[in-house]
C-alpha cells in the first residue's frame, strides 16, 4: 500500500485547523493569548493581553475555518476526486488566509503590546 505524502500533509492541515478553532474559542473565553499563537516573552510584555486575545480570537477562528475547509478539499483532491487545475484557487485562498492572519497578528502585536 502506497502512502500519498500530500494526503498526509492535507490531513495534518485539517487537524491543525480544528486545533486552532478550539484554541480561538479558549482564547475568547479565557481572555488570554495562547503560547501556541505568540511566544511567552511577547505575551508577558503585553499590557493589554485581554484586548489582544479578544482581537485575535475572531481572526484566528476565521483562519482556522479557512484552512480546515481548504485541507479537506485538498485531501479529497488527493484521494477521491481529481480537481485538476481547480485546486489552485483553493491553495491560493489558504495561502492568502495565512498571509492575512500573519499581517493581523503583527499589527496586533504593535497595537496591544
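We did not get these values from a lab; they are worked out from the coordinates using the rules stated. As the structure is a computational prediction, the values presented were derived from the model and not from experiment. Backbone-built Cβ (ideal geometry, glycine too); neighbour counts: all protein chains shown.
Among the residues of this structure, residue 98 counts as one that is surrounded by fewer than 18 Cβ atoms within 10 Å (Cβ to Cβ) and either closer than 28 Å to residue 32 by Cβ or out of contact with any strand residue (DSSP E or B) (no Cβ under 7 Å at 6 or more places or on another chain) (or both).
Residues in the range 44-69 that are outside any loop (DSSP other than H, G, I, E, B), surrounded by fewer than 20 Cβ atoms within 10 Å (Cβ to Cβ) and touching a residue at least 60 places away in the same chain (Cβ under 8 Å): 45, 49, 51.
Here is the figure for the range 24-44: residues that are farther than 17 Å from residue 101 by Cα and in contact with a helix residue (DSSP H, G or I) (Cβ under 7 Å, 6 or more places away or on another chain) total 4. When 67, 18, 13, 43 are checked against the criterion of being out of contact with any strand residue (DSSP E or B) (no Cβ under 8 Å at 6 or more places or on another chain) and within 16 Å of residue 104 (Cβ to Cβ), 67 stands alone in meeting it.
The numbered conditions (1) assigned to a helix (DSSP H, G or I); (2) free of Cβ contacts under 8 Å to residues at least 40 places away in the same chain; (3) farther than 18 Å from residue 23 by Cα are all true for residue 98 except (3). Scanning the range 27-41 for residues that are surrounded by 12 or more Cβ atoms within 10 Å (Cβ to Cβ) and under 13 Å from residue 60 (Cα atoms) gives 27, 28, 33, 34, 37, 38.
Can residue 29 be described as within 17 Å of residue 110 (Cβ to Cβ) and over 10 Å from the mean Cα position of the chain (by Cα)? So residue 29 fails the test.
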